[in-house]
Amino acid sequence: FALTQSTILVTGESGTGKEMLVQSIHNASPRAQGPFVAVNCAALPENLLESELFGYAEGAFTGAKKGGRQGLFELAHGGTLFLDEIGEMPLALQSRLLRVLQEKAVMHLGGDSLIPVDVRIVAATNQNLSLLVEEKKFREDLYYRLNILRIQMPTLRERAEDIPLLTKRMMLGMKSINENIKAIDDEALAYLQQCSWRGNIRQLANTIERAMLLSEGPVLHPADTLEAFDEKREAAGGGRGQDRLAVLEE
């Protein structure tokens, strides 16, 4: 997929590492020397998201910057534009996005001319876009325009065999928060592999950081990871770690 120029739609639960995957696709693509620009479509109100994406001309609205401003499409020219949480984009902006994808050009808010852009689009969502299309909450034509190449990110529950590698890599990256922690034992790793991880890799990182902060070290043991994961609270909602908790408590 990285070697193509086609649009990619990345789907999967929150916290599975979609943005890291997209960054990796960009780094492995012919556009690697170009910019990688990311925007969370759910983080900005509609009017601000529109000006961020498409830019604006001088005097387009009260408070507009003198001389106008480039949008993210222009800033991503020659590279990749990552549209995260695309399912949250308002319908009105979906229409403008579709036009940009079709024409490969943008028009500033308040502007009167088209600006050519060469951008590879990768979008991501944790929602079911086909269901949103049926509910008239997402444009069908935009859905098919985005859904050319598709990657479904697996949950951490589906890739438990990766947890030891992920954990050790996270610990290396977090070693500055507690230099007394040197390693994690196999039993603690086995415990982590049986936890439910409804928050996926993001929750795993949170748990590892908490364990490193609370442990005296030099090795993380099952008791450290159990306390950090707070399995008693998680088990109230179910999860594979529940049986493991009973074994550890015995």
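The values are calculated or read from the model by the stated rules, or taken from the named source; none is laboratory data. The shown structure was predicted, so the numbers you read here are calculated from the model rather than taken from an experiment. No Cβ is skipped: glycine too gets one built from the backbone with ideal geometry, and neighbour counts run over all protein chains shown. SASA here: full protein model, heavy atoms, side chains in, ligands and nucleic acids out. Shrake-Rupley method; radii C 1.70, N 1.55, O 1.52, S 1.80 Å.
Which of the residues belonging to the stretch 21-42 are part of a loop (DSSP other than H, G, I, E, B), over 15 Å from A123 (Cβ atoms) and either among the hydrophobic types (A, V, I, L, M, F, W, C) or open to solvent by 50 Å² or more (accessible area, probe 1.4 Å) (or both)? Give the derivation first.
Restricting attention to the stretch 21-42, the residues satisfying the condition of being part of a loop (DSSP other than H, G, I, E, B) are 28-35, 41-42.
Among the residues that remain, those that are also over 15 Å from A123 (Cβ atoms) are: 28-35.
Correct list: A28, P30, A32, Q33.
If I ask for residues that are open to solvent by 100 Å² or more (accessible area, probe 1.4 Å), in contact with a helix residue (DSSP H, G or I) (Cβ under 9 Å, 6 or more places away or on another chain) and in a loop (DSSP other than H, G, I, E, B), which ones from the stretch 173-188 would you list? Quick ask: steps written out before the conclusion?
Our first condition is that a residue be open to solvent by 100 Å² or more (accessible area, probe 1.4 Å); within the stretch 173-188, this holds for 175, 179, 182, 186.
So of that shortlist, the ones also in contact with a helix residue (DSSP H, G or I) (Cβ under 9 Å, 6 or more places away or on another chain) come out as 175, 182, 186.
K182 - this is the single residue of the stretch 173-188 that is open to solvent by 100 Å² or more (accessible area, probe 1.4 Å), in contact with a helix residue (DSSP H, G or I) (Cβ under 9 Å, 6 or more places away or on another chain) and in a loop (DSSP other than H, G, I, E, B).
For the stretch 196-203, does any single residue satisfy the condition of being closer than 30 Å to T4 by Cα, part of a helix (DSSP H, G or I), touching a residue at least 12 places away in the same chain (Cβ under 8 Å) and among the aliphatic types (A, V, I, L, M)? Let's see the steps before the verdict.
Let us first name the residues in the stretch 196-203 that are closer than 30 Å to T4 by Cα, namely 200-202.
Checking which are part of a helix (DSSP H, G or I) leaves us with 200-202.
Those left that are additionally touching a residue at least 12 places away in the same chain (Cβ under 8 Å): 200-202.
In the following step, the residues that additionally are among the aliphatic types (A, V, I, L, M) were identified as 201.
Yes, because at least one residue in the stretch 196-203 is closer than 30 Å to T4 by Cα, part of a helix (DSSP H, G or I), touching a residue at least 12 places away in the same chain (Cβ under 8 Å) and among the aliphatic types (A, V, I, L, M).
Pick out the one residue from L97, L93, L72 that is open to solvent by less than 70 Å² (accessible area, probe 1.4 Å) and in contact with a Cys (Cβ under 9 Å, 6 or more places away or on another chain).
Values: L97 fails: in contact with a Cys (Cβ under 9 Å, 6 or more places away or on another chain); L72 fails: in contact with a Cys (Cβ under 9 Å, 6 or more places away or on another chain).
Going through L97, L93, L72 in turn, just one is open to solvent by less than 70 Å² (accessible area, probe 1.4 Å) and in contact with a Cys (Cβ under 9 Å, 6 or more places away or on another chain): L93.
Looking only at the stretch 119-166, which residues are outside any helix (DSSP H, G or I), open to solvent by 70 Å² or more (accessible area, probe 1.4 Å) and either in contact with a Leu (Cβ under 6 Å, 6 or more places away or on another chain) or within 25 Å of A32 (Cβ to Cβ) (or both)?
Here is the first cut: in the stretch 119-166, the residues outside any helix (DSSP H, G or I) are 119-128, 135-139, 147-155.
Among the residues that remain, those that are also open to solvent by 70 Å² or more (accessible area, probe 1.4 Å) are: 126, 128, 135-137, 139, 148, 150, 152.
Those that are outside any helix (DSSP H, G or I), open to solvent by 70 Å² or more (accessible area, probe 1.4 Å) and either in contact with a Leu (Cβ under 6 Å, 6 or more places away or on another chain) or within 25 Å of A32 (Cβ to Cβ) (or both): I148, R150, Q152.
Identify all residues within the stretch 43-57 that are closer than 18 Å to G110 by Cβ and surrounded by 15 or more Cβ atoms within 10 Å (Cβ to Cβ); write none if there are none.
Once the filter is applied, which keeps residues that are closer than 18 Å to G110 by Cβ and surrounded by 15 or more Cβ atoms within 10 Å (Cβ to Cβ), the stretch 43-57 yields L49, E50, S51, E52, L53, F54, G55, Y56, A57.
In the set K232, K168, which member is at pLDDT below 90 and over 30 Å from L101 (Cβ atoms)? Don't jump to the end; show me each part of the working.
On the way: K168 fails: at pLDDT below 90.
Checking each option against the conditions leaves just K232.
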